[in-house]
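So the structure is just underneath, and the comments pick up after that.
Readers should treat all values here as calculations from the given coordinates under stated rules, not as data from a laboratory. Bear in mind the structure is a predicted one, so any value in this text is a computation, not a measurement. All Cβ positions, glycine included, derive from the backbone under ideal geometry; neighbour counts span all protein chains shown.
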Amino acid sequence: DTAVSQTPKYLVTQMGNDKSIKCEQNLGHDTMYWYKQDSKKFLKIMFSYNNKELIINETVPNRFSPKSPDKAHLNLHINSLELGDSAVYFCASSPSLPTEAFFGQGTRLTVV
Amino acid sequence: AQTVTQSQPEMSVQEAETVTLSCTYDTSESDYYLFWYKQPPSRQMILVIRQEAYKQQNATENRFSVNFQKAAKSFSLKISDSQLGDAAMYFCAYRSIIGNEKLTFGTGTRLTIIP
């Protein structure tokens, strides 16, 4: 059983398209995150949700919209994709106690 | 805001030898968590080791151990008896004890194991 699962693992799309990445965790954690890893491998927080409520929104363009239908799911929708959006996007979850975060396998997004 | 610095973009070590990866951080908080994550070519982020700042004892997990120097804000990772499977990017990360806080990552160190 995968603890944090993301779909799809790979996504290739044209500029201007809209796409979504789905994330589900079966760990019972209250908090979920989206991180972006750029071509230099730098990991930066994008969003954090706690029990379906947005907690962190780190200066991400409005084209990115997270949606949390319940505390086990956090999806990421991206409108009007740009070349610069190409990256690996990681979903993660953690319990309310501040221990480590558990990561999904990442989604490699390529915008052409 | 907290920052995490990894000053070694790349390191290499002979198989079976020991290597130490450096990490420093900046914070005004007195209690927090520190982590080392490993990212092999498979892309998966894997927790290697965890250290609570209030604990003076350095964490150890099998061949992996840390040297936590709280006053110096230093958190280095030592890998003993390096194995080919240890080849990966290693990220140091900081997390506040305040609930729901994000992990702040360093820029990573790429570790190569020489057979």
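Site pair A:Asn26 and B:Thr18 shows an inter-label distance of 4.1 nm when each label is modelled 7 Å from Cα along Cα→Cβ.
Here the Karplus curve 6.51 cos²θ - 1.76 cosθ + 1.60, taken at θ = phi - 60°, turns the phi angles of the range A:5-11 into couplings of 10, 10, 9, x, 7, 10, 8 Hz, with x standing for Gly and Pro.
Choose one answer from A:Ser68, A:Ser94, A:Ser80: the residue with the largest mean-square fluctuation in a GNM of chain A with alpha-carbon springs under 10 Å. Taking springs between Cα atoms under 10 Å, the residue moving most is A:Ser80. Projecting the Cα atoms of A:Gln25, A:Ser39, B:Met45 onto the dipole axis of the protein assembly as shown, where Lys and Arg carry +1 and Asp and Glu carry -1 at the beta carbon, places A:Ser39 farthest toward the positive end. For the protein assembly as shown, the fraction of C-alpha pairs more than 32 angstrom apart is 19%. In order along the range A:44-55, the phi-based Karplus estimate (6.51 cos²θ - 1.76 cosθ + 1.60, θ = phi - 60°) of 3J(HN,Hα) comes to 10, 5, 10, 9, 9, 10, 10, 6, 6, 9, 5, 10 Hz; Gly and Pro are listed as x. Measuring against 26 Å, Cα to Cα, the residue pairs A:Lys44/B:Lys73; B:Lys55/B:Lys78; A:Lys67/B:Lys38; A:Lys40/B:Lys55 contain A:Lys67/B:Lys38; A:Lys40/B:Lys55 as the ones spanning a longer distance. This model, with +1 at the C-beta of Lys and Arg and -1 at the C-beta of Asp and Glu, gives the range A:4-111 a dipole about its Cα centre of some 240 debye. Backbone geometry of the range B:4-14 corresponds, through the Karplus equation with coefficients 6.51, -1.76 and 1.60 at θ = phi - 60°, to 3J(HN,Hα) couplings of 10, 10, 10, 8, 10, x, 9, 9, 9, 8, 6 Hz, x marking Gly and Pro. Placing pseudo-labels 7 Å out from each Cα toward the beta carbon at B:Leu84 and A:Thr59 gives an inter-label distance of 4.4 nm.
Counting only residues at least eight positions apart within a chain, or on another chain, the aspartates and glutamates with an alpha carbon under 19 Å from that of A:Lys71 are A:Asp1, A:Glu24, A:Asp30, A:Glu53, A:Glu100, B:Glu101.
Centre-to-centre, using Cα atoms only, the range B:28-75 and the range A:1-42 are separated by 25 Å. The Cα center of the range A:64-112 and the Cα center of the range B:1-19 differ in position by 27 Å. For the range A:37-112, trypsin sites (Lys or Arg not before Pro) are listed when DSSP marks them as loop and at most 13 other Cβ atoms sit within 10 Å of their Cβ; the list is A:Lys40, A:Arg63. Of all aspartates and glutamates in the structure, those lying under 17 Å Cα to Cα from B:Lys70, and not within fewer than 8 positions of it along the same chain, are B:Asp26, B:Glu29, B:Asp31, B:Glu52. Anisotropy class assigned to the range A:21-91 is prolate, per the alpha carbon gyration tensor with a/c at or over the 1.5 cut-off and a/b larger than b/c. Shielding of peptide B:35-45 by partners, expressed as the average count of other chain Cβ atoms within 10 Å per residue Cβ, is 4.
In the elastic network of chain B, a GNM with C-alpha springs shorter than 10 Å, the most mobile of B:Ser82, B:Ser65, B:Ser28 is B:Ser28. Its Cα centre serving as origin, the protein assembly as shown has a Cβ charge dipole (Lys and Arg +1, Asp and Glu -1) of approximately 280 debye. Extension gain, A:Lys67 to A:Asn17, is 16.2 nm, computed as 0.36 nm per intervening residue step minus the present C-alpha separation. Name the most mobile residue of B:Tyr37, B:Tyr25, B:Tyr54, meaning the one with the largest mean-square fluctuation, in a Gaussian network model of chain B with Cα contacts below 10 Å. Highest fluctuation among the options: B:Tyr54. Database remark: amide H of B:Val66 closer than 5 angstrom to the amide H of B:Ala59, B:Lys78 (H placed geometrically; neighbours at sequence offset of 5 or more, or on other chains; Pro and chain starts carry no H).
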